[in-house]
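Reading through the structure tokens given below for one structure.
No value in this document is a laboratory result; all are computed from the given coordinates. None of the values given here were measured: they were computed from a predicted structure. Every residue, glycine among them, receives a Cβ derived from its backbone with ideal geometry; neighbour counts consider all protein chains shown.
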Amino acid sequence: MRYWLLIAIPLLTGCICLNPKHKNIAPPTAKTEQIIDSLQKTKTSLEKAGESNTIIGEKVDKALTLTERLNQLLEQIETSDKIIKEPIK
């Protein structure tokens, strides 16, 4: 009777081995609809980021041209022969 239990218990419980290669690991599951939604959200957020980068780039270019103009005006004022009066405080 004892021997019968020693044989029956491993058969009923399955592999008790500690070898990780014996364990069947199930692959991760994902729903296609969720992946498509996630990718579409990522796409729209990247488009918005690209648009904002374009707007920022245009503003930086505009600011640089304005500073270039101001530098040219300052150089013209400094090199001109006209006497510039300082405002009365």
Convert each backbone phi in the range 48-54 into a coupling constant with the Karplus relation 6.51 cos²θ - 1.76 cosθ + 1.60 (shift: θ = phi - 60°), then list the ³J(HN,Hα) values in order as whole Hz, x for Gly and Pro. 5, 5, x, 5, 5, 5, 5
Using Cβ counts within 10 Å as a stand-in for footprinting exposure, how do 65, 79 rank, fewest first? 79, 65
So which aspartates and glutamates can residue 41 reach, going by Cα to Cα under 13 Å and dropping same-chain residues fewer than 8 places off? 33
